[in-house]
1. When the Cα centres of the stretch 199-213 and the stretch 11-35 are compared, how far apart do they sit, in Å?
2. Apply 1/(1 + (r/R0)^6) to the Cβ-Cβ distance of Glu153 and Glu220, taking R0 = 30 Å, and write down the FRET efficiency to the nearest 0.05.
3. By how many nm would the segment from Glu240 to Asp50 lengthen if fully extended, with 0.36 nm per residue of separation less the alpha-carbon distance?
4. Which of rounded, prolate or oblate describes the stretch 162-244 when judged by the alpha-carbon gyration tensor and an a/c cut-off of 1.5?
5. Using every Cα-Cα pair within the stretch 101-162, state what percent have a distance larger than 16 Å.
6. Might you tell me the accessible area per residue for the chain, computed with a 1.4 Å probe and given in Å²?
7. What is the stretch 29-123 by shape, rounded, prolate or oblate, if you read a ≥ b ≥ c off the alpha carbon gyration tensor as root eigenvalues and call it rounded for a/c under 1.5, prolate for a/b larger than b/c, and oblate otherwise?
8. What is the percent carbon and sulfur in the accessible area of the chain, measuring with a 1.4 Å probe over the protein chains and ignoring ligands?
Amino acid sequence: MTSHVVIFDFDGTVSLGDEPVIAYARHLDEQAGSTVDLITRVVSRWLAADGRLAEAIDGLTDADPVFLGLHVVDGAIDGYYAAQRLAGLVGVTPEGIDAAYQASRADLADGLISTHAPEGFVSFLAAFPASVHRVLVSNSPENGLREQLAKLELTRSFDEIVTSANKPAGLPAIAERLLAEQGVAASQLLSVGDIWANDLAPVAVLGSATALIDRMPVPEGAAPTVRAPHIEELYPWFLEWARP
């Protein structure tokens, strides 16, 4: 019998490393016909500064296109949104943006991009009581994600995997389905992710618990149950919360 449901996001929560985002930016530059790799340069610098504008622009002049680009992406909720925002401004069409994303996922599937799981994550997932239903919910398509799970040795670590989830709009329906199927109350569901608006806010309104991995600046109004820059810091809290 299920006692709790835990939803994990994938990119930025379970799969760590900036290379997938930088690959996306690189493919967007190709779609833009850029010879200066502006999107890649801006996004790389923005990620290195963990989304903090003052740190990202340090040492640049206001005449530098990267300086201007960093101001354009300031406040983006993650690197993918930052890259997409720049792409739209330099004339990449919606079709080109989608093609760049699919190309980056193909790179992921082909093993051309390096990622890693949080330290001790496999053992952490295995430490949950058997009554806990562990679910991976990602906006990523199945292509690339399955291969990454195998690489990260996580293929058998989740009880259920949902791809192309269309978060945030699609998350409430996914959560409500899980609650109904597993026979638990909303208070016995926990969502874990690195983007408040996408991964946590849609279930917080249901009365569920939320855990924010807050590497990037947190938007005003975000109110997770717990938060930390690294998911490893929250392992003890997760396991205590999930005790039958």
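The values are calculated or read from the model by the stated rules, or taken from the named source; none is laboratory data. Keep in mind that this is a model prediction, so the values were computed, not measured. Here Cβ is always computed from backbone atoms with ideal geometry, including for glycine, and neighbour counts include all displayed protein chains. The area values use the complete protein model at the heavy-atom level, side chains included, leaving out ligands, DNA and RNA. Shrake-Rupley method; radii C 1.70, N 1.55, O 1.52, S 1.80 Å.
1. The stretch 199-213 and the stretch 11-35 have Cα centres spaced 27 Å from each other.
2. 0.20
3. Result for the pair: 65.4 nm of gain on full extension.
4. Values: a/c = 1.83, a/b = 1.17, b/c = 1.57.
Cα axes put the stretch 162-244 in the oblate bin.
5. Details: 915 of 1891 pairs.
For the stretch 101-162, the fraction of Cα-Cα distances above 16 Å is 48 percent.
6. Details: 10980 Å² over 244 residues.
With all protein chains present, the chain gives 45 Å² per residue.
7. oblate
8. The value for the chain is 53 percent carbon and sulfur by accessible area.
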